[in-house]
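The values are calculated or read from the model by the stated rules, or taken from the named source; none is laboratory data. Small disclaimer: the values here were computed from a predicted structure and weren't measured. Note: ideal-geometry Cβ built from the backbone for every residue, glycine included; neighbour counts use all protein chains shown.
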Amino acid sequence: MNVPSQFLTLHPAYLATGALDELRAAQFGRLDAQDQVYLDYTGGGLHAASQVQAHAQLLSDHVLGNPHSVSPSSMEMTRRVEQARAAVLEYFHGTGEYTAIFTLNASGALKLVGESYPFAPGGQFLLTADNHNSVNGIREFAEAKGATVTYAPMTRPELRIDQVAMDTLLATGGPTQANLLAFPAQSNFSGVKHPLELVAQAQAKGWHVLLDAAAFVPTNLLDLRVVRPDFVALSFYKMFGYPTGVGCLLVRKPALSVLRRPWFGGGTVNFATVQGRMHVLSQGEAAFEDGTLNYLGIPAVEIGLRHLQAVGIETIQTRVYCLTEWLITELLALQHSNGRPMVRLYGPANMHMRGGTVTLNLYDPNGHLVDYRRVEELAGEAHISLRTGCFCNPGAGETAEDLNEDDMRAGIAQVGSEINLLRFSQAMQARGGKSAGAIRVSTGIASNFADVERFLHFVVGLRDQTALTIGSVSFDIESCRVVRDGG
């Protein structure tokens with residue numbers, strides 16, 4: 001563990017995570033072999049080599065067929081799928097009280113709730129401004145069925161839920177109507193961990209609760225014996241990198257009966273007739289698993305869960321905490337030669353109720369915003385993988401930059417009906433130097449001190465450079481080419 005003593009003095013808990021360095025060497029050696037710094041764990045986790053090897057071995061050793069049958073290959077596959085389903089429920093301590101519905105991803109899980117929830121006139125859909133677009137999209141289902149859609153505001157600059165406003169909004173839910181609250185356990189924009197106590201608080205006032213846990217569970221254990229949302233959405237690739245194309249909706253069994261599918265398809269019915277124009281849905285999770293599952297991929301979920309359990313989620317959490325706290329402190333201390341700060345951080349400046357996601361923008365010595373897309377381009381040249389944009393979470397970004405409805409409508413009016421992101425960003429810049437996006441770095445299971453130090457050195461390398469000399473990136477939509485403007 002080649003880590004400066006000064007860092008270890010400030011973060012002694014890091015010493016207890018040495019097993020992760022051995023894990024990195026054994027299972028994630030491709031990072032160092034290719035001189036890659038991976039800082040996009042909120043976008044997607046990295047898989048260990050052993051996960052792929054174990055899955056490949058399983059596929060090589062067994063004859064596995066489509067589970068919708070009673071043939072030997074189908075029955076074996078059904079057994080493997082149900083074994084993985086049981087492993088998911090056991091991991092989250094939801095066995096007996098919850099049902100696990102496999103989906104393509106967290107977005108698919110959220111869509112299932114949106115299309116099946118009994119929204120109606122007089123009912124409400126309440127969601128926080130800090131939400132992924134796949135949660136925002138549920139408002140289309142709610143409004144189409146006549147329900148009221150309301151956003152609970154965030155506080156600035158920490159981007160936390162405005163608890164006073166939330167209390168007021170929750171008090172408006174009537175017990176005779178179907179009311180749904182949706183919020184993320186951890187923001188994919190700012191890394192803020194929103195209070196899970198809100199689940200029981202809302203349920204006590206007659207609300208169902210949909211928890212987006214996609215950004216939370218890669219470094220935290222969600223214990224469904226303690227926190228009991230009605231619906232939980234997650235993607236397994238964000239937890240352990242592999243497989244992609246498999247997510248899950250965890251549903252409390254009493255809430256499952258509330259959902260009403262607006263259609264039926266292959267795999268979801270026990271009986272359907274063309275002449276009789278009727279159908280009978282399957283029982284339990286089968287009524288929600290449309291078509292043929294990614295049945296060959298699902299056994300890899302159990303392998304991934306065993307991998308996380310062997311490593312220890314607490315160990316991952318400790319390392320992420322130490323690295324993130326150090327990085328935030330160092331970034332906020334950076335200044336240009338004239339004393340102007342280089343970095344604007346979005347969200348908490350400390351580790352109280354926050355995870356390993358750090359979102360920021362860079363500013364030049366004149367206080368001008370540096371093009372975040374150009375930063376991503378330069379980082380790529382330095383073999384650093386990070387992410388830029390609004391991260392499919394427009395509400396958090398708008399709150400962070402204090403973008404209001406007038407700003408958004410003015411920007412759209414200038415751009416026109418075919419939204420061009422470059423022109424929209426320029427329009428926001430013209431309205432008081434506001435940014436339409438940001439830079440996001442995030443740590444995870446294979447991160448080490450050298451990774452975050454290298455990113456810090458990359459940022460330091462931009463010290464005293466102007467936004468003009470750093471340049472900007474424009475997107476040629478016609479040819480799908482990336483063109484850099486400036487020096």
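Of note:
- Residue ranges of helices (runs of 4 or more DSSP H) in the stretch 75-148 with at least 1 members within 18 Å of Val217 (Cβ to Cβ), in contact with a helix residue (DSSP H, G or I) (Cβ under 8 Å, 6 or more places away or on another chain) and among the aliphatic types (A, V, I, L, M): 106-116, 133-136
- Scanning the stretch 128-142 for residues that are surrounded by fewer than 16 Cβ atoms within 10 Å (Cβ to Cβ) and closer than 27 Å to Ile439 by Cβ turns up at least one hit.
- Pairs with Cβ under 6 Å, 6+ apart, first in the stretch 390-401 and hydrophobic (A, V, I, L, M, F, W, C), second assigned to a helix (DSSP H, G or I): Cys390/Gly397; Cys392/Asn133
- For Thr103, the requirement of being of a type in the set (S, T, N, Q) and touching a strand residue (DSSP E or B) at 6+ places or on another chain (Cβ under 8 Å) is met.
- Single residue of Asp21, Asp40, Asp32 found to be under 27 Å from the mean Cα position of the chain (by Cα), of a type in the set (Asp, Glu) and surrounded by fewer than 16 Cβ atoms within 10 Å (Cβ to Cβ): Asp32
- Counted residues, the stretch 326-350 - those being within 23 Å of Phe216 (Cα to Cα) and buried (at least 18 other Cβ atoms within 10 Å of the Cβ): 7
- Evaluation of Thr329 against the conditions (1) more than 30 Å from Val52 (Cα to Cα); (2) assigned to a helix (DSSP H, G or I); (3) in contact with a strand residue (DSSP E or B) (Cβ under 8 Å, 6 or more places away or on another chain); (4) not basic (Lys, Arg) shows that the sole unmet condition is (3).
- Scanning the stretch 88-109 for residues that are over 17 Å from the mean Cα position of the chain (by Cα) and under 18 Å from Gly245 (Cα atoms) gives Val88, Ala100, Ile101, Phe102.
- Wholly within the stretch 355-453, helices (runs of 4 or more DSSP H) carrying at least 2 residues that are modelled with pLDDT under 95 and crowded, with 19+ Cβ neighbours inside 10 Å: 372-381, 394-400, 421-430
- Every pair of residues 6+ apart whose Cβ atoms lie under 8 Å, when the first sits in the stretch 16-41 and is closer than 27 Å to Thr388 by Cα while the second is of a type in the set (Phe, Trp, Tyr) and assigned to a helix (DSSP H, G or I): Val37/Phe455; Leu39/Phe455
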